[in-house]
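Asker: To start, I am sharing the structure in question, which I have written as structure tokens.
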Amino acid sequence: MSIICSEKFSLYYGNKLAVNQVSMEVKTGGVTAIIGPSGCGKSSFLRSINRMNELIPNTRVEGRLMVRGQNVYDKKIDLVTLRRQVGMVFQRPNPFPKSIFDNIAYGPRLQGVRSRTTLGGIVETCLKKAALWEEVKETLSKSALALSGGQQQRLCIARALATQPGVLLMDEPCSALDPIATGKIEELIVALKEQYTIVIVTHNMQQAARISDRTAFFCLGELIEYNDTNTIFTNPSNPQTEAYITGRFG
Ligand SMILES: Nc1ncnc2c1ncn2[C@@H]1O[C@H](COP(=O)(O)OP(=O)(O)OP(=O)(O)O)[C@@H](O)[C@H]1O
Ligand SMILES: [Mg+2]
């Protein structure tokens, strides 16, 4: 069963076509990596899945993009619910200027959870899932801004998990981090993929090869090739994919 399914999905910024008739299915569970040269529409496609693109003026979409069988561009879709189900982690860690506890409790509070005990349980579970609990359990009331970059990114992942999403979108989540922090996030992604469907945009091809099950190669807004990661990296069908993964362009 596919949890995400795009059918000839296109996205325009004004007249500029950024995503061109992409048809792609993402199976439930596992990690799907999106790779491709700068400007090829990776982030645009990713942001389309939870309609984050709508924060940018003059965007227009064509085709269909389904999450769990529902077209996310259907007028009846409730955006708050959609973004709760489809969480997002960005390139730069973006904790709220609040305590560690309040960052994680933010989403559940919006959903109406008031009990301090329940919130405490959610905070602990999510920090454990994000492999941050041991480092912060004594300092939950301290500002999240005082954490290191890698810790902040794990906090942002914990915050995304707190609304119990089925899907986690990650746009270059390690690009602002050092190799050690990157390694931790990669381990975390691999641990989370049993429970969540993860779609990650990355410029780091070793990273895509290390952590993803399937890889999609985008070029100039189009989906060129999509297959098991191993096939994409060892035996791609398309010459453009091969040129990109062997470093001859992009
Ligand atoms: N807010 C915007 N307004 C207008 N055009 C945009 C906007 N964001 C992106 N674009 C254009 O859409 C195209 C796809 O951009 P996108 O950011 O999706 O690429 P990308 O593959 O994520 O690139 P990178 O690897 O550099 O992050 C590019 O030509 C870009 O210039
Ligand atoms: Mg991008």
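The values are calculated or read from the model by the stated rules, or taken from the named source; none is laboratory data. These numbers come from a predicted model, not from an experiment. Neighbour counts are summed over all protein chains in view; Cβ atoms, including those assigned to glycine, are modelled from backbone coordinates with ideal geometry. These area figures cover heavy atoms from the full protein model, side chains too; ligands, DNA and RNA do not enter into them. Shrake-Rupley method; radii C 1.70, N 1.55, O 1.52, S 1.80 Å.
Asker: Is one or more of the residues making up region 166-176 of a type outside the set (G, A, S) and either in a helix (DSSP H, G or I) or more than 14 Å from the chain's Cα centre (by Cα) (or both)?
Answerer: no
Asker: Sort out which residues of region 26-41 are farther than 14 Å from M88 by Cβ and near ligand 2 (Cβ under 10 Å from one of its atoms), and write them in order of number.
Answerer: Answer for region 26-41, where residues must be farther than 14 Å from M88 by Cβ and near ligand 2 (Cβ under 10 Å from one of its atoms): G36, S38, G39, C40, G41.
Asker: Something else: K76 - would you say it is open to solvent by 70 Å² or more (accessible area, probe 1.4 Å) and either more than 15 Å from ligand 2 (Cβ to nearest atom) or under 30 Å from E242 (Cβ atoms) (or both)?
Answerer: Criteria met by K76.
Asker: Specify the residue that is least open to solvent (accessible area, probe 1.4 Å); the eligible residues are those in region 42-57 that are more than 16 Å from ligand 2 (Cβ to nearest atom) and at pLDDT below 95.
Answerer: Taking the candidates together, the pick is E54.
Asker: I've got another one for you. Could you figure out which of (1) within 16 Å of ligand 1 (Cβ to nearest atom); (2) open to solvent by less than 20 Å² (accessible area, probe 1.4 Å) isn't true of N204?
Answerer: The number of the failed condition is (2).
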